[in-house]
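The values are calculated or read from the model by the stated rules, or taken from the named source; none is laboratory data. The structure displayed is predicted, hence computed values, not measured ones. When we count neighbours, we look across all protein chains shown, and the Cβ atoms used for this are built from the backbone with ideal geometry, even at glycine. Remember, those area values only see protein heavy atoms, side chains included, never the ligands or the DNA or RNA. Shrake-Rupley method; radii C 1.70, N 1.55, O 1.52, S 1.80 Å.
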Amino acid sequence: MTALTLSTAAAPGLRADAIVVGVAKGGSAKSGDLVVAPGAEAVDKAYDGGLAGVLETLGASGGEGEVTKLPAPSGFKAPVVLAVGLGAQPDKGASFDTETLRRAAGAAARALAGSKKAAFALPVADAADAGAIGEGALLGAYAFDTYKENGRNGKKDGKNGKPPLAEVALLGGKPRDKAYKAAVERAVAVSEELNRARDLVNTPPNDLNPEAFAAVAQTAAKEHGIKVQVLDEKALEKGGYGGILGVGAGSASAPRLVKLSYTSSKAKKHLAFVGKGITYDSGGISLKPAGHNETMKCDMSGAAAVFAAVVAAARLGLEVNVTGWLALAENMPSGSATRPGDVLRMYSGKTVEVLNTDAEGRLVLADALWKASEDKPDAIVDVATLTGAMVLALGNRTFGVMANDDAFRTAVVEAAEEAGEPSWPMPLPDHLKKGMDSPTADIANMGERMGGGLVAGLFLKEFVGEGITWAHLDIAGPAFNESGPFGYTPKGGTGSAVRTLVRVAELAASGDLGAK
């Protein structure tokens with residue numbers, strides 16, 4: 001993991017491989033349309049105030065995420081200056097928003113792969129800015145190379161690419177200031193756990209089945225003082241968890257339900273996070289078409305996010321009780337697999353007619369939601385790569401938020417915005433429930449095709465305990481990035497929703513969440 005420190009050193013005398021500065025689109029009689037952002041004054045001075053002009057000559061525009069490298073001025077210990085675009089310059093008196101800084105730091109860190117140390121001289125107006133830059137740098141420096149030659153030993157060669165940036169020195173901060181120290185410590189904890197979630201999502205399904213995922217959770221729980229309980233297939237059978245067992249029935253790898261419990265002696269609120277953990281989704285008997293199977297190792301992204309968020313809450317010592325539920329199964333076709341038309345009796349006692357075995361995530365979540373409800377938490381948030389319909393509605397970078405309480409839905413969306421994760425509030429129209437009527441069972445696992453993401457949310461709502469505030473995050477779009485990296489987001493597993501869940505927990509700890 002990349003190291004992160006606060007430094008009071010001046011950029012010219014700092015020994016590093018590169019100095020990172022920010023540039024923005026603006027207007028100035030001296031430098032045209034490019035403006036050197038605050039934090040880089042010493043670097044600009046070394047260019048006799050002409051850094052913007054030099055960068056313009058090299059083609060820099062200041063666009064968000066744009067990276068331009070140039071030789072450092074004479075007398076600098078670092079050989080390279082890296083300018084990263086921040087987009088439009090803020091209005092006079094305003095600062096760059098934290099997400100802009102986070103993305104810029106991520107782009108710079110990615111561009112500096114192979115470097116041992118870089119000094120980040122980006123705009124730092126307060127501790128929140130320092131935390132955002134640190135978080136962006138640590139997330140941008142991520143690489144998953146476990147399965148590359150020599151990757152397990154941390155070695156690299158030309159064929160396998162460059163190792164991540166090893167160390168980030170954050171300039172402009174205040175190392176002795178409690179707020180700055182806390183911001184950096186938070187950035188490290190959240191980023192390390194988010195990157196662990198990315199590792200889980202990227203791990204191939206032949207190595208990450210339900211049992212293996214549960215073992216990872218047990219190891220982390222022991223390390224961070226989190227209580228853990230794992231229900232294996234025998235315990236699930238005894239307990240009547242028909243949804244989880246039904247989804248896992250076709251696989252040689254038995255399902256698991258994992259409970260992670262972080263408690264604080266000062267807690268006044270209790271949150272439950274529930275994650276969909278389909279370690280591989282073939283669609284089951286309702287087999288996915290060709291071209292849709294290759295990335296289905298990512299169907300456990302919700303469980304990975306929940307796992308990471310609970311561990312992050314423990315590391316941060318948040319004054320809130322957080323229980324994480326990982327509903328783990330592998331959805332495979334075989335002679336023992338659940339068939340379309342089968343009826344499953346869920347943990348709640350409700351029966352479900354399975355019309356499509358590829359609508360399996362809602363089945364495992366239903367059991368976990370009902371189990372989580374038994375603890376009577378103040379609020380439940382579930383996270384799942386649940387529907388392709390949500391991707392069609394919101395695209396690949398935004399997740400949908402549904403809830404049984406409008407105020408809580410708004411609070412979760414606002415928490416996501418504060419965390420830097422794009423989300424959008426979605427409705428749960430009652431008229432769509434009729435489409436799930438079944439002549440055989442209490443409810444079917446499919447309804448109308450149009451509005452399929454909302455139908456899935458309505459299905460889940462049926463398995464939330466009475467009087468419990470609940471929100472559902474459908475992260476099917478942003479959980480796995482199949483295109484090129486951008487900002488601090490890599491190709492592959494992204495760790496979507498981890499930061500939102502952590503922010504929700506922080507707000508609950510402070511009494512500002514908005515749950516009933």
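The Cα center of the range 68-111 and the Cα center of the range 367-403 differ in position by 36 Å.
Under the rule a/c < 1.5 gives rounded, and otherwise a/b versus b/c splits prolate from oblate, where does the range 191-510 land using the Cα gyration tensor? Please list the in-between numbers first.
Numbers: a/c = 1.25, a/b = 1.23, b/c = 1.02.
Rounded shape, in that the Cα axes give a/c under 1.5.
Between the beta carbons of Thr219 and Lys148, assuming R0 = 41 Å, the FRET efficiency works out to 0.95 to the nearest 0.05.
Given +1 on the Cβ of Lys and Arg, -1 on the Cβ of Asp and Glu, and no further charges, what dipole in debye does the range 191-510 carry about its Cα centre, rounded to the nearest 20?
Numbers: 30 positive and 38 negative charges, 75 e Å.
Here the size comes out at about 360 debye.
Net charge within 13 Å of Thr263 by Cβ-Cβ distance, Lys/Arg positive one each and Asp/Glu negative one each, not counting Thr263 itself? Before the final figure, lay out each step's value.
Working: positive: Lys227, Lys259, Lys266, Lys268, Lys269; negative: Glu319, Asp375.
Taking every Cβ under 13 Å from that of Thr263, the sum is +3.
Positive contributions from Lys and Arg (+1) and negative ones from Asp and Glu (-1), summed over other residues with Cβ under 12 Å from the Cβ of Asp358, come out at -1.
Rounded to the nearest 0.05, the FRET efficiency derived from the C-beta distance between Val67 and Lys181 at R0 = 30 Å is 0.55.
For the range 343-417, the pair-distance distribution built from all alpha carbon pairs, in bins 10 Å wide starting at 0, is 15, 40, 35, 10, 0 percent. With the charge dipole of the chain set up from +1 on Lys and Arg Cβ and -1 on Asp and Glu Cβ about the Cα centre, the Cα lying farthest toward the positive end among the listed residues Ile475, Ala368, Ala182 is that of Ala182. Here the chain exposes an accessible surface that is 49 percent carbon and sulfur, computed with a 1.4 Å probe and the other protein chains kept in place.
Here the range 318-357 and the range 170-229 have alpha carbon centers that stand 27 Å from each other. Could you check what % of the DSSP bridge pairs in the chain are antiparallel, to the nearest 5? Rounded to the nearest five, the antiparallel share is 40 percent.
Which GluC sites (Glu not before Pro) does the range 304-384 hold that lie in a coil by DSSP with at most 15 other beta carbons within 10 Å? The partial results should precede the final answer.
Numbers: sites: Glu319, Glu330, Glu353, Glu360, Glu374; in loops: Glu319, Glu360, Glu374.
Passing both the DSSP loop test and the Cβ count: Glu374.
Helix-only arithmetic for the chain: the sum of -39500 (n - 2.57) across DSSP H runs with n ≥ 4, divided by the residue total, places the mean residue ellipticity at 222 nm at -10000 deg cm²/dmol.
The GluC sites (Glu not before Pro) of the range 414-516 meeting both criteria, a DSSP state outside H, G, I, E and B (loop) and at most 16 other C-beta atoms within 10 angstrom of the site's C-beta, are Glu448, Glu466, Glu482.
If R0 is 56 Å, the Cβ-Cβ spacing of Thr440 and Ser74 corresponds to a FRET efficiency of close to 0.10. Relative to its residue count, the range 3-172 spans a Cα convex hull of 112 Å³ per residue. The order of the peptides 494-501, 215-222, 227-234 by mean Cβ neighbours within 10 Å, most packed first, is 494-501, 215-222, 227-234.
Ranking request for peptides 305-318, 48-61: highest mean number of other beta-carbon atoms within 10 Å first, then the rest in descending order.
Working: 305-318: 26.6, 48-61: 16.3.
For the peptides 305-318, 48-61, the packing ranking is 305-318, 48-61.
Computed about its Cα centre, the charge dipole of the range 3-172 is approximately 720 debye, with only Lys, Arg, Asp and Glu carrying charge at their Cβ. Convert 20 °C to kelvin, take the viscosity as 1.002 mPa s, use the Kirkwood radius over C-alpha pairs of the range 375-498 as Rh, and evaluate the Stokes-Einstein diffusion coefficient in µm²/s, rounded to a whole number. Value of D from the Cα-based Kirkwood radius: 141 µm²/s.
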